[in-house]
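K.L.:
Structure incoming, see below.
Just so you know, all these numbers are worked out from the coordinates, no wet-lab data involved. Here the structure is a predicted model, which means the values were calculated and not measured. Quick reminder, even Gly has a Cβ in these numbers, built from the backbone with ideal geometry, and neighbours come from all protein chains shown.
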């Protein structure tokens, strides 16, 4: 299991425990990431690795996934120092995700989306008015 050190695993377990106590229910990976100020994708990946070890259980219900501590001693087999990590890739992924979220928020906040919708409705109205103005030829000849 590369990329996860014992220190990181213990930190995640502590975060899960603190939030379980504070929230009075098991936390979501997003909540653990917020508490530890870590990228959400990295926390999800590490919690999955801990679940593979049996240290945590990732319980998925209809709406979200919760992390529960199962066997904290399972992390003792992890190396003290992390092996080759994909931290840079995860950081880049999170950065792109934030940029896309910000771009979408700016699209709606700037009013550009509303303007586009109004232009589209105006063109549709013009097309409808032009259609109504057209006189359909009488198939039976002139009246």
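K.L.:
List the relative contact order of the chain as a percent without decimals, with contacts defined as Cα pairs under 8 Å and 6+ residues apart.
P.N.:
26 percent
K.L.:
Something else: Taking the Cα atoms only, what angle lies between the long axis of helix 112-133 and the longest principal axis of the chain, rounded to 10 degrees?
P.N.:
30 degrees
K.L.:
Could you calculate the FRET efficiency of residue 80 with residue 52 from 1/(1 + (r/R0)^6), where r is the beta carbon distance between them and R0 is 25 Å, rounded to 0.05?
P.N.:
It comes out at approximately 0.85.
K.L.:
Here is a follow-up. Could you work out the helix-only [θ] at 222 nm for the chain, with each DSSP H run of four or more residues adding -39,500 (n - 2.57) and the total divided by the number of residues, to the nearest 500 deg cm²/dmol?
P.N.:
Helix contribution divided over all residues of the chain: -20000 deg cm²/dmol.
K.L.:
So how do 21, 116 line up by other beta-carbon neighbours within 10 Å, fewest first?
P.N.:
Arranged by neighbour count, lowest to highest, 21, 116 become 21, 116.
K.L.:
Could you state the angle between the C-alpha long axis of helix 40-53 and the longest principal axis of the C-alpha atoms of the chain, as a value from 0 to 90 degrees rounded to the nearest 10?
P.N.:
Relative to the chain, helix 40-53 is tipped by roughly 50 degrees.
K.L.:
Continuing with the same structure: Counting residues in the chain as N, plug N into 2.2 N^0.38 Å and put the Cα Rg over that result.
P.N.:
It is 1.89.
K.L.:
With r as the distance between the Cβ atoms of residue 65 and residue 105 and R0 = 30 Å, compute the FRET efficiency 1/(1 + (r/R0)^6) and round to 0.05.
P.N.:
Once rounded, the FRET efficiency stands at 0.75.
K.L.:
In the calculated pair distance distribution of the stretch 6-85, what percentage of Cα-Cα distances lie above 19 Å?
P.N.:
Beyond 19 Å sits 28 percent of the P(r) for the stretch 6-85.
K.L.:
How high is the FRET efficiency between residue 34 and residue 112 when r is their beta carbon distance and R₀ equals 30 Å, given to the nearest 0.05?
P.N.:
0.50
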